[in-house]
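Just so it is clear, none of the values below were taken in a lab; they were calculated from the coordinates. Nothing here was measured: the structure is a model prediction, and the numbers come from that model. Positions of Cβ are generated from backbone atoms using ideal geometry, with glycine treated the same way; all protein chains shown enter the neighbour counts.
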Amino acid sequence: MTRHLPYPIASTSLLALWLLLNQSFSLGQILLGMAVALVGGWSLTLLKLTKPRPRRLRVIARLTAEVVADIIRSNVAVARIVLGLGRKQRTPGFVDIPLELRDPYGLAMLACIITSTPGTLWVDFNETSGILTIHVLDLVEESEWIRTIKARYEARLLEIFE
């Protein structure tokens, strides 16, 4: 089974996405979507991905709750900036953060967390030095951002993936 369908969840997701994007459940679209899903699954084998090994479900739940709360808080903060409420002087900037996290799945999760939080953006990660560069819409204190990323997100991702 795994030879024909090496990544069943990814293939099933591709098929579902195909059908949703085409807004049709006709036999032709289902067959075409299945072909796309099979080719997509087979192409993932070329990447030679290691299997993710997430651990500690309670840490995952706590991290998820914190990320959702941070996204809500950031949405409010960015809305205030866009609407011109609060202080007028905004200072966007870049922050370099030294990371201990090296697991590719952990780094991917961190990238998703940072980029999905309004007002922040993952810019670069230097694999050799472990320095993550992010852009912040309203940079007040760089050390606060470093502490937040390392203590809130990186520490939990290290527990989950390392």
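With axes computed from alpha carbons, what is the tilt in degrees of helix 57-83 against the longest principal axis of the chain, rounded to the nearest 10 within 0 to 90? Between helix and principal axis, roughly 60 degrees. The value of relative contact order for the stretch 57-161, using C-alpha pairs under 8 Å at least six residues apart, is 36 percent.
Rounded, prolate or oblate: which one fits the stretch 1-89, using the alpha carbon gyration tensor with axes a ≥ b ≥ c (rounded when a/c is under 1.5, else prolate when a/b beats b/c, else oblate)? Oblate. When 39, 78 are arranged by Cβ crowding within 10 Å, least crowded first, meaning fewest neighbours, the order is 39, 78. Take each peptide in 107-116, 64-73, count the other Cβ atoms within 10 Å of every residue, and average; sorted highest first, the result is 107-116, 64-73.
Using only side-chain charges placed at the Cβ, +1 for Lys and Arg and -1 for Asp and Glu, the dipole size of the chain relative to its Cα centre rounds to 480 debye.
Remark: the stretch 57-161 projects, on average over all directions, an area of 6.3 nm² (convex hull of Cα atoms).
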